[in-house]
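Remarks on the structure that follows.
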Amino acid sequence: MDADTSTGDGGTGGGDPAEPPASGAQPSPGATTGKPSRKGSRRFPSVTRDTARPEGGGRAASGASPAPARQWPLLTVLGATGLGLLLVSVDLFRVGLIIIGLALLAGGVLRWMLPSVGMLAVRSRFTDITTYGVLGVLIVLLALVAQPKPWLDIPFLEDAVRFTVR
């Protein structure tokens, strides 16, 4: 059998590494120096080594302070939320829910005003402020219009509920 036909490339000799590349083809970066190419892959790594800290996710107090003092913004929001849940559990649901909503609004204000808020920073600053603000406002509004005897009367809301419940 002939050597040219045994390569399976039709006798063109394309498998020879010493042959120059075809017209228009670019040689690989390591082909001229003889060193292997170290060009990185464009794929995401299979193992994540580290994640970026959210903007403003540093300590709220110096490193010499004890751990609770470094996380005072988060502890303030959690403490107010805990107080609100305690009030809800003793049948002061409206006052408790308003305190929970105000705690979330305070978390949004803390995230906006302070450069570093510790673990209160979960996502980007804009996303945190928007999330805390929207949830806080909704919880406060729902607590104000809750039945029986709502503290806030919204006329079109009553019509909409009657229309959908009929």
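The values are calculated or read from the model by the stated rules, or taken from the named source; none is laboratory data. Everything numeric here is computed off the predicted structure, so don't read it as measured data. Don't worry about glycine lacking a Cβ; one is built from the backbone with ideal geometry, like all the others, and counts go over all protein chains shown. Heavy atoms of the whole protein, side chains included, go into the accessibility calculation; ligands, DNA and RNA do not. Shrake-Rupley method; radii C 1.70, N 1.55, O 1.52, S 1.80 Å.
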* Among the numbered conditions (1) touching a residue at least 60 places away in the same chain (Cβ under 8 Å); (2) surrounded by fewer than 15 Cβ atoms within 10 Å (Cβ to Cβ), tell me where Ala160 comes up short. => (1)
* Asked: Mind checking which residues of the range 78-119 are open to solvent by 50 Å² or more (accessible area, probe 1.4 Å) and among the polar types (S, T, N, Q)?
  -> Ser89
* Could you figure out which of (1) under 19 Å from the mean Cα position of the chain (by Cα); (2) open to solvent by 40 Å² or more (accessible area, probe 1.4 Å); (3) in contact (Cβ under 8 Å) with a residue 12 or more places away in the chain isn't true of Phe126? => (3)
* To do: Please report, ordered by residue number, the helices (runs of 4 or more DSSP H) entirely within the range 93-166 with at least 1 residues that are at pLDDT 85 or above and among the basic types (Lys, Arg).
  => 93-113, 125-145
